[in-house]
Each structure stands twice: as C-alpha cells, then as structure tokens.
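A.B. asks: Let me give you the structure first, and then I'll get to my questions.
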Amino acid sequence: QVQLVESGGGLVQAGGSLRLSCAASGRTFSTPLMGWFRQAPGKEREFVGAISWSGRSTYYADSVKGRFTISRDNAKNTVYLQMNSLKPEDTAVYFCALANANIYYSGIKMNYWGKGTLVTVSS
C-alpha cells in the first residue's frame, strides 16, 4: 500500500511563498508520475502541477504558471511544490497524488492520494 504524506502548508500573506512537500512510502510503481491538486472551499478539486519520474517533464495549470515550481527527489521519494507570489485565490487544501504513468494528461487517473495540507493566503 502506498502512503502519501503532505507537509508545509500554513498561513501566508499575499505575495509570500510556501514550499509543500509530499513523501511517498510503500510499494509504488517503478516510474510514477507525481502531481499536486488543490480544492478550494465550495469548489471542485483542480490540477495544479505534475512531474514525470525523470523530472524532465513538468506540467502546470495556467493559473500557477510562472509562480509555482514542481520538483522531485527520487532518492527521498519526495515531490515538492514551491509556491511564490501567492494570491488569496490560491487558498485551498493541496493534495499530492501519484499515477502509474509517464506523462500527464487531462483526466488522468491518479492511483493514490494524500490527505492534503491547507494553504491559506491572506490579503
């Protein structure tokens, strides 16, 4: 069973930065795609970013391009989300997810999910 544990959420002022981490444990796929999603209050969960196993391919939602950076350290089984220039509309619970896939595409099935970490951006 795969476990994903997110950390790094918190309260930050608009314009500030946060770095989220997601540690994976358990028996996972050999080259998993990892991604970040978020769900704001009263809204559906949405894609934020994803990264291939090699790290050479990254994918971002238009709303975070140029502000967020996703990276991974396979030796530590950890994926990161560096969030800069945060806006109040970035307030959400951020979820880490893992898929048995080499590339990201819209509608991809993520096989495992973390429980999420709350990010609150004050204006």
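The values are calculated or read from the model by the stated rules, or taken from the named source; none is laboratory data. Because the structure is predicted, anything quoted here is derived from the model rather than measured. Positions of Cβ are backbone-derived with ideal geometry, glycine not excepted, and every protein chain shown enters the neighbour counts. With ligands, DNA and RNA removed, areas are computed over all heavy atoms of the protein, side chains included. Shrake-Rupley method; radii C 1.70, N 1.55, O 1.52, S 1.80 Å.
A.B. asks: Test A101 against the criterion of being among the small types (G, A, S), closer than 11 Å to L33 by Cα, modelled with pLDDT under 95 and open to solvent by less than 60 Å² (accessible area, probe 1.4 Å), and give yes or no. Reasoning before the result, please.
C.D. replies: Numbers: among the small types (G, A, S): yes; closer than 11 Å to L33 by Cα: yes; modelled with pLDDT under 95: yes; open to solvent by less than 60 Å² (accessible area, probe 1.4 Å): yes.
Yes; evaluated as a whole, the condition is true for this residue.
A.B. asks: Same structure, new question: Output the residues belonging to segment 105-123 that are closer than 28 Å to R27 by Cβ and either of a type in the set (D, E) or open to solvent by less than 40 Å² (accessible area, probe 1.4 Å) (or both).
C.D. replies: Matches in segment 105-123: I108, M110, G114, G116, T117.
A.B. asks: Within segment 82-92, does at least one residue satisfy the condition of being within 11 Å of the chain's Cα centre (by Cα), at pLDDT 95 or above and either in a strand (DSSP E or B) or surrounded by fewer than 16 Cβ atoms within 10 Å (Cβ to Cβ) (or both)? Break it down stepwise before answering.
C.D. replies: Of all residues in segment 82-92, those within 11 Å of the chain's Cα centre (by Cα) come to 82-83.
In the following step, the residues that additionally are at pLDDT 95 or above were identified as 82-83.
Filter again for either in a strand (DSSP E or B) or surrounded by fewer than 16 Cβ atoms within 10 Å (Cβ to Cβ) (or both), leaving 82-83.
Checking segment 82-92: at least one residue is within 11 Å of the chain's Cα centre (by Cα), at pLDDT 95 or above and either in a strand (DSSP E or B) or surrounded by fewer than 16 Cβ atoms within 10 Å (Cβ to Cβ) (or both).
A.B. asks: For V12, all conditions in the list (1) in contact (Cβ under 8 Å) with a residue 24 or more places away in the chain; (2) under 12 Å from the mean Cα position of the chain (by Cα); (3) under 23 Å from S122 (Cβ atoms) hold save one; what is the number of the exception?
C.D. replies: (2)
A.B. asks: Starting from residues that are closer than 20 Å to A23 by Cα and among the aliphatic types (A, V, I, L, M), keep the ones in segment 44-80 and report whichever is surrounded by the fewest Cβ atoms within 10 Å (Cβ to Cβ).
C.D. replies: If we take residues in segment 44-80 being closer than 20 Å to A23 by Cα and among the aliphatic types (A, V, I, L, M), then A75 is surrounded by the fewest Cβ atoms within 10 Å (Cβ to Cβ).
A.B. asks: Can you name the residue in segment 1-41 that is at positive phi and modelled with pLDDT of 95 or more and is also surrounded by the most Cβ atoms within 10 Å (Cβ to Cβ) among such residues?
C.D. replies: For segment 1-41, the residue satisfying everything is G8.
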